[in-house]
């Protein structure tokens, strides 16, 4: 399974890199992100907080008509969430033999790292500068690592930990969902906001990002 997963990752990355080589426009982007998670299997989990991160990627655009493009990119992004609160577990009291519940305090930051490959339709609403555009489409993410940092307190004993995220199966690594966003293009620069809704895992991921991009080559303008 591990070898098949590696082959799948290499195939998807090479496929996207190959498509970028045929693009009318390609460039780079970087940004700041905020992620919040809502768990599917529980009606409510308290003390779940936003996680922040950075992103870095390469982009490509393919001209469809005057104001409509197909856009894709390969980006490395950080997602996840933070948890802070008390957890309870049952134990047998040594003196009474009764079932009681002990508790310990946890403060965790779960930060998985993904390679994200979105497939978006991009439409420009204006031709005057600055140009306003919108994007919409699906995405797939491939988990490549990450960390769980935190501490637990039980009976006054503090345990600090820094653990690498391990994916148990191919399914755990794969994330997918929908993304939509709006932005401005000023000459070769693009400023955009993007919202992603991840639906593949045991929780919904709400991912917001603010990115700055730069176009290196714009063949459609050279051909005019």
Check: From 187, 179, which residue is under 13 Å from the mean Cα position of the chain (by Cα), under 20 Å from residue 28 (Cα atoms) and either loosely packed, with under 12 Cβ neighbours inside 10 Å or in contact (Cβ under 8 Å) with a residue 12 or more places away in the chain (or both)?
Finding: 179
Notebook entry, point to check: Any idea which of (1) over 20 Å from residue 37 (Cβ atoms); (2) modelled with pLDDT of 85 or more is the one residue 170 doesn't satisfy?
Noted result: (2)
Check: Scanning segment 150-167 for residues that are surrounded by 15 or more Cβ atoms within 10 Å (Cβ to Cβ) and over 17 Å from residue 104 (Cβ atoms), which turns out modelled with the lowest pLDDT?
Finding: 167
Next item on the list: Answer yes or no: is there a residue in segment 180-189 that is modelled with pLDDT under 85 and either in contact with a helix residue (DSSP H, G or I) (Cβ under 6 Å, 6 or more places away or on another chain) or outside any strand (DSSP E or B) (or both).
Entry: no
Check: Within segment 209-224, how many residues turn out to be under 14 Å from residue 69 (Cβ atoms) and at pLDDT below 55?
Finding: 3
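Just the residues that are touching a strand residue (DSSP E or B) at 6+ places or on another chain (Cβ under 9 Å), outside any strand (DSSP E or B) and touching a residue at least 40 places away in the same chain (Cβ under 8 Å), please, taken from segment 125-154.
125, 129, 130, listed by residue number.
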Notebook entry, point to check: Can you list the strands (runs of 3 or more DSSP E) found entirely within segment 39-97 that contain at least 3 residues being farther than 25 Å from residue 136 by Cα and at pLDDT 75 or above?
Noted result: 81-92
Notebook entry, point to check: Would it be correct to say that residue 111 is surrounded by 14 or more Cβ atoms within 10 Å (Cβ to Cβ), touching a residue at least 60 places away in the same chain (Cβ under 8 Å) and farther than 23 Å from residue 188 by Cα?
Noted result: yes
Item checked: Residue in segment 190-208 that is nearest to residue 52 (Cα to Cα), counting only those that are at pLDDT 90 or above and over 12 Å from the mean Cα position of the chain (by Cα) -> 193
Check: Going by the conditions given, is residue 141 within 15 Å of the chain's Cα centre (by Cα) and at pLDDT below 90?
Finding: yes
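The values are calculated or read from the model by the stated rules, or taken from the named source; none is laboratory data. Note that the coordinates shown come from a computational prediction; the quantities given were computed from them, not determined experimentally. No Cβ is skipped: glycine too gets one built from the backbone with ideal geometry, and neighbour counts run over all protein chains shown.
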